Every structure is written in structure tokens, then in C-alpha cells.
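The numbers here are math on the coordinates, done by the rules we state, and not lab data. Note that the structure is predicted; figures quoted are calculated from it, not measured. Please note: Cβ atoms are built from the backbone with ideal geometry, for glycine as well, and neighbour counts cover all protein chains shown.
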Amino acid sequence: MDSLTPRVEESKARSNSAQGVWHRATSRLAQGDIGSLPVLLGLVLIALIFQLANHNFLKPVNLTNLLVQISAVGTISVGVVLVLLIGEIDLSVGAVSGFTAGVMAVLAVKIGLPAILSVALGILSGILIGLLQGFWFAKLHVPSFVVTLAGYLGWQGALLYVLGSTGTINLTPPLIVGIANARLPVALGWALGFVFLIAITLNWLRERSERIRSGLEAQPIAVLAIRIATVAAATFIAIGLMSVNRNPVAGGAPIRGVPSAVLFFIGFVVLFDWITRRTRFGRYMFAVGGNVEAARRAGINVDRIRITVFVLCSLLAACGGILAGSRLLAVNQSSGSGDVLLNAIAAAVIGGTSLFGGRGSTWSALLGALIIGSIANGMDLLAFSSSIKFMVTGAVLLLAVTLDAYTHARRLQTGRS
Amino acid sequence: MSDQQSTPILEMKGTSKRFGAIQALADVDFEVYPHEVLGLVGDNGAGKSTLVKIISGVYKSDAGKYIFEGHEVAVNSPRDATQLGIETVYQYLALCDNLDVVANLYLGREQVRPLIPRLLEPVNEVLMEQNAIRLLDELHIHIPSTRSQVATLSGGQRQSVAVSRAVMWNSKVVLLDEPTAALGVEQTRQVKDLIRRLRERGLGVVVISHNLADIFDVSDRIIVLRLGRRVSTFDTHATNPERVVAAITGAVFGA
């Protein structure tokens, strides 16, 4: 029997060799734990196709535009990831993003409150909406699908109501305009990148040495080095791209530096990645999404987790709405409508967060938003109409969900072995 | 082996429970001793599950005393039972498939590094993993890695993890609901070995099962419920399955 079920020590000895790492990676793949591999491959493929069709696609200015374009929907998508992780859905995120941006715009422009206060109240209205919807779902046991579908309609109406006869409100306060359109000085961008890299390197090294000291299996130093190198490359390439002068007018004032919208978006991804993977709260989110009854019997306050997650989701929707309003310099009756909701959900799922709950990562919001954004951006470059854009995005979404369903079935199979 | 001279670690006296017109339990006495594996058997509807749910705090009894370590206590929620050291392992409900073994063992009781607010405290994976490895070794539970997702484990391994989860908190009584249902021969043997090790550790173990062969294999004493009443008690080593079956089906009354 021991040969069939290796003891903990044996696997510990094996895991420190390169062979062990390879073995674990392949067995995870076989069990349907494919992670973000297909997304990354898809992203490379999309980039190659568009670059071949139009050599402007991979230019720094276009890639920076792409990142700014996806920041608002990507931020909303981070919230959608959180809700999907607990096995629920929020269909109101688009409408909430529009309404909260509307609240901010009305307060700042029509009523004339200080910009900072207007932004805070916009975000606060998002929190209150999340509290209401989360309570309705968790305590009154109405399915989240229905509660947020009602919210989808209701908050759209609420946006029209607060805008009144004005229609479009142009955002002029510098602080609100700066939320998405400010640029980090180039030197500060690099400094931030270095600090980020040093922080995670030190953290990983500290964890590794702590594990070794405690006699636990630890990552081989080579694997750790590859991870750090990958993160460093991604960070510096991104900052490098955004540090190139984007002003097309030769001799004009240079436009360079990381746009604030991108900074907010990446910041949310990193922050909520830490919360979901490292904290007790994050652990409970996965537990609720994996097996709500087991979570309840383990003494977890399931209602509190659910309400908190819906609050976070609406909060992020509000932030996304404010980013979108700031970027477009206006809030109008169609803010947050159209394809905002579907793109936010599609991004989370395309990025690899499961619709079945309990599996995923906030990074999938970034990866998925990049895929959707690349398709939209590339097709714009090639002057395709929106009809084609919608159809291609739909096909990619179908592919991603099919992959999710397939790996889900695969996990059930191997799980039952 | 059971030590009938010692006081029961857990005792229920005159427990009754009614659901509408149905008398699920009528004046049932129940006791389990330390260092004992008690088999709780009965046909469907005999009241086994109801009794277990009352003991584990899921239901509140209509009448009866709940006595733990010689003192009457009030158990109004699963948390109350857990705090006394009474753990219940339910079939199929125990684990989160998407979490690894360590996370499941500690679910709801994570070791954390202090931070305010409390919900955002980072979990201390190193400490938890160390303790998990030690516990699994002590209980001779073999799994590929403590970092395996539970979804990748076999049925026997999962059941073993679920049981270890129940005993790692200085628990004194463990209730196992159909611990060997849906397990293969070898996996059943693993779980039964584990049950014996719990007895060696001094726990009172209650096994609820339809499988009399398993009950006879691991238990010291057998309590038979029938139609909400306790009809018989057997010393496992001084009886045979026919007599227990007779008590379950009502062919004879009294012990």
C-alpha cells in the first residue's frame, strides 16, 4: 500500500529536485489545473496576429492606450472575480459603475461639492449598494443572480434619475480629471517598479528560508529565480513602454509616464490578489465558493463573507465607473451600460476564474481584460466594424467557458479517482 | 478497550425530539466512554441522525440532559459542541475540494499573523503545514503531499483528512457519520485503522453505520435505536451480528 500512496516524507525529498517540480507541474495539468497557461498563449497569439496585420499594434503608444482603455472595465472585473470566487454572480456591476460615477459627477459639477468629497461619496454609494444587494442575497436568500439583475435595471434607472434633464455632465474639476489621466513622472514610475520588485523578492526569499528552517519543502532556488526574473521582465517592460514619449507631434511637449488609471487598476489587482490568497478572509472566500456547507460547519460566518464580497464588488464597480468617467471626461445616460457588464464578466472568465466558484485569481481580471482589450484595440486599428468585434469577443468567451467546463469535469473525474 | 468503570465522557439522558407529528427520539439515554469506539446502529428513521445532530448542536432537543465530563452543559449551536471538544464528521460535507489538505485541516481555525482588522490577518502557512505534517504522521495517514488539493485525493484519503481535521483540536469525542460508505476495501481498512488510533489516543469515538461488518470490526459496544427508542446495548465481543440485526428489525426487544 505504501508504494501506492507515498508518504509525506518521500514526496518532500522528491519535491526539491527539478524532477519533482516537473512531476508536480505535469500532474497538476493532468488533473485539469491548467492555470493561466492558455490565456498567456492566447494573448501572444492575438498580439502576433495583429502585429502582422498592422505594425502599429505593438508600438508603445498603442500598448499604453490599450492599458488605459482596459483599466476601468478591468477594475470592475476584479470585483467580478471576487464574486465568482464565492460561487455567485453580480450582474449589476455595469449599472453600479454608471450610477456611482453619476453621483460623483452631479455632486461635483451640478451641486459644486469639493471634488475629493464627491469622489468619496460616489465610492460610498457603491459600498451602500453592495451592502444592500449582499444583505438581500445572504439574509433574505434571494439568488444573487436575481438580486443583481434587479440592481442592473434599478441602478440604470437611478443614473437617469440623478442626471435629470442634464443628460451629459462634463467633468472639469482637475482632481477628477486626474484620476485616470494623470501621469506618473518617469523616474517615479521606475522607482515604484524597483520597490515593488524588491519587496516581492525579499518576501519570497523570506518565505523560502522560513520553510527550509521549518523543515518543509521549499521551491528550488532556480525556480524562484525564474519567477523573479519573469516578474521583473514584465514590470520593467511595462514601465519602459509607458515611459516612451507618446506625443505624435514632433517637437511637442513630451507625454510620457505611467498613466494613473493603469496604476490604480494594477494596484487593485495586486491588493486583492494578496487578500484572496494570503488572508483569513480570502481563505474563507475560497471555502464558501468550494463547499458552502463545509464552510458553515467549520464555523465560518458565511453570511458575513458573502455580504463583504458583494460590498467589495460594488466598491470596485464604483472605482471602475469613476475611472471610466475620468478617462472620458464625462458621465452620461449610457455610462456603465452597453458592453461594460458583459466585458467585466467575460474578462474574469476568459482570464481563468471559474464560473463554478472556488477557483480563480484577480490576475485573471488583468489577463482577460488584456485579451478583450487587445481584440477590440487591434480590430479598431484594422478598421473592423463593431459587428465583427462583438462576434470575435463572443467566440473567445465561449472558448474560455468551454475550457472552464472541460477542466471542471476533468477535476471531478480525477477527484473521484 | 472500553473502561466501563470510568464515567462517560459524554452522556445524554432522557433525550426527546419531535418534528411535527413525528416522534424522532423518545426518552433516549446515550453514553460514550473515553478509550471507546461505540457503534450506533438502527434502521432508517430509527433516530440515529437526529441524535447525532442534537449531540453536535445542530438541533436542540425538546427534553433531556446533555452531560459532558460529568457536568450538565447547554449546547445550542455547533460551535458550543466544538468548544467542548465534540467534533462531527459528516459524510460528503466535511471538506472543500478546492482547498489543499492544510487549508482544510485548519478551516475556520487558521493560524494567523496578527493584524488589524482581524479578518485581514495573513494566514501562517508554515506553522500550519508543520503541524499538519506532524498530525498526519502521528495518525499514519499517507497522502501525496499536504499541499495536494483535496479534489485530487482518493475517497479513503479524503475521509482520513476529514477525521484528522476533527481530532486535531484536542477533541474528546468524535462522531463519524457513515465513515466507510462509498469506500473501497483497502480505503475502508485505512479508515478503520484510523478509528482504532483515535481510541488509542483516548477519544470517545461514535461510529454511525449501516455496515454491521465494519461496526463489529472496530467497535467495543453497540447501541441499537429503533423507532426513536434505545432498544438494546451490546458488548461487541459478547454478541453476534444476528442478535444485533434482530434488535434493529424488532424481532426481539430488550437486551
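Plainly put, region A:83-219 has a radius of gyration that is 1.17 times its Kirkwood radius, both from alpha-carbon atoms, as the Rg/Rh ratio.
Centre-to-centre separation between the Cα atoms of region A:150-215 and those of region B:106-120: 26 Å.
In terms of other Cβ atoms within 10 Å, B:THR236, A:THR353, A:THR279 run from fewest to most in the order B:THR236, A:THR279, A:THR353. Note on B:ASP177, B:ASP80, A:ASP90: ascending count of other Cβ atoms within 10 Å places them as B:ASP80, B:ASP177, A:ASP90, the fewest first. Taking the DSSP bridge list for the protein assembly as shown and keeping only pairs wholly inside it, about 60 percent are antiparallel. Here the gap between A:ALA232 and A:ALA395, fully extended at 0.36 nm per residue and compared with their Cα-Cα distance, gives a gain of 55.4 nm.
Here the Kirkwood formula puts the hydrodynamic radius of chain B at 19.0 Å, using every distinct Cα pair. Compared with the dominant principal axis of the Cα atoms in chain A, helix A:144-163 is inclined by about 20°. Considering only A:ASN203, B:HIS142, B:GLY250, and ranking their Cα positions along the charge dipole of the protein assembly as shown that arises from unit charges at the beta-carbon of Lys, Arg, Asp and Glu, the one farthest toward the positive end is A:ASN203. At the listed q of 0.14, 0.15 Å⁻¹, the Debye profile of region A:320-417, built from one uniform point per Cα, gives log10 I(q)/I(0) equal to -0.62, -0.70. At full extension, A:THR402 and A:VAL244 could sit 53.0 nm farther apart than now, given 0.36 nm per residue minus the alpha carbon distance. Does anyone have the angle between helix A:186-213 and the longest principal axis of chain A? Alpha-carbon axes, 0 to 90°, nearest 10? With both axes taken from Cα atoms, the answer is about 20 degrees.
Taking amide H atoms as placed 1.01 Å from N in the peptide plane, the amide H of B:ILE143 lies under 5 Å from those of A:VAL8, each 5 or more residues away in sequence or on another chain. Note on region A:222-264 and region A:42-70: Cα centroid distance 14 Å, given to the nearest whole angstrom. For B:GLY39, the amide hydrogen comes within under 5 Å of the amide hydrogens of B:VAL207, B:ASP220, B:ARG221, B:ILE222, B:ILE223, counting only partners 5 or more places away or on other chains and with H modelled in the peptide plane.
Computed over region B:179-255, the Cα gyration tensor eigenvalues convert (square root of 5λ each) into semi-axes of 24, 14, 11 Å, ordered from largest to smallest. Computed from Cα atoms alone, the Kirkwood hydrodynamic radius reported for region B:8-92 is 13.2 Å. As an exercise, use a Förster radius of 45 Å and the Cβ-Cβ distance of A:PHE196 and B:ALA182 to find the FRET efficiency, rounded to the nearest 0.05. Step by step, r from the Cβ atoms, then E = 0.40. A quarter of the convex hull surface defined by the alpha-carbon atoms of the protein assembly as shown gives 34.3 nm² as the mean projection.
Remark: relative contact order (chain B) = 26 percent; criterion is Cα-Cα distance under 8 angstrom and separation of 6 or more residues. Mean sequence separation of contacting Cα pairs (under 8 Å, at least six apart), scaled by the length of chain A, corresponds to a relative contact order of 33 percent. Placing a label point 7 Å from the Cα of A:ARG410 along the Cα-to-Cβ direction, none of the residues of region A:84-101 has a backbone N under 13 Å of that point. Contact order for region B:176-238, expressed relative to its length and based on alpha carbon pairs under 8 Å spaced 6+ residues apart, stands at 27 percent. Placing dummy labels 7 Å off each Cα toward the beta-carbon, the span from B:ILE116 to A:LEU382 is 5.7 nm. Under 17 Å of direct C-alpha separation, and excluding same-chain neighbours fewer than eight residues apart, B:LYS13 reaches these lysines: B:LYS48, B:LYS53, B:LYS60, B:LYS65. Note on chain A: with charges restricted to the Cβ of Lys and Arg (+1) and Asp and Glu (-1), its dipole about the Cα centre is near 680 debye. Computed from the Cβ-Cβ distance with R0 of 35 Å, the FRET efficiency linking B:ILE22 to B:ARG134 stands at 0.15. In order along region B:157-168, phi translates into HN-Hα couplings of 5, 4, 4, 4, 5, 4, 5, 4, 4, 6, 9, 7 Hz, rounded to whole numbers, per the Karplus curve 6.51 cos²θ - 1.76 cosθ + 1.60 with θ = phi - 60° and x for Gly and Pro. For chain B, DSSP calls about 55 percent of its internal beta bridges antiparallel.
Axis of helix A:280-290 versus longest Cα principal axis of chain A: the two differ by about 80°, to the nearest ten degrees.
Approximating the spin labels as points 7 Å out from Cα along Cα→Cβ, the A:PHE135-to-B:THR249 distance works out to 5.8 nm. Volume per residue for region A:160-200 equals 111 cubic angstrom (convex hull of Cα atoms).
Taking amide H as placed 1.01 Å from N in the peptide plane, B:ARG230 has its amide H under 5 Å from the amide H of B:ASP29, each at least 5 places away in sequence or on another chain.
Placing dummy labels 7 Å off each Cα toward the beta-carbon, the span from B:GLU69 to B:ASN240 is 4.3 nm.
A:ILE345 sits among other residues whose Cβ lies under 13 Å from its own Cβ, and their net charge, with Lys and Arg +1 and Asp and Glu -1, is -4. The stretch between A:SER337 and A:THR166, if pulled fully straight at 0.36 nm per residue, gains 59.8 nm over its current Cα-Cα span.
Placing unit charges on the Cβ atoms only, positive for Lys and Arg and negative for Asp and Glu, gives chain B a dipole magnitude near 440 debye about its Cα centre. Ranked by how many other Cβ atoms sit within 10 Å of their own Cβ, fewest first, the residues A:PHE135, A:PHE286 fall in the order A:PHE135, A:PHE286. For region A:160-293, the average shadow cast by the Cα convex hull is 14.8 nm², which is a quarter of the hull's surface. For region B:126-249, a Kirkwood hydrodynamic radius built from all Cα pairs, placed in the Stokes-Einstein relation at 10 °C and 1.306 mPa s, yields a translational diffusion coefficient of 101 µm²/s. Each listed q (0.17, 0.24 Å⁻¹) maps to a log10 I(q)/I(0) for region A:223-323, found by the Debye formula over equal Cα scatterers with no solvent: -0.93, -1.19.
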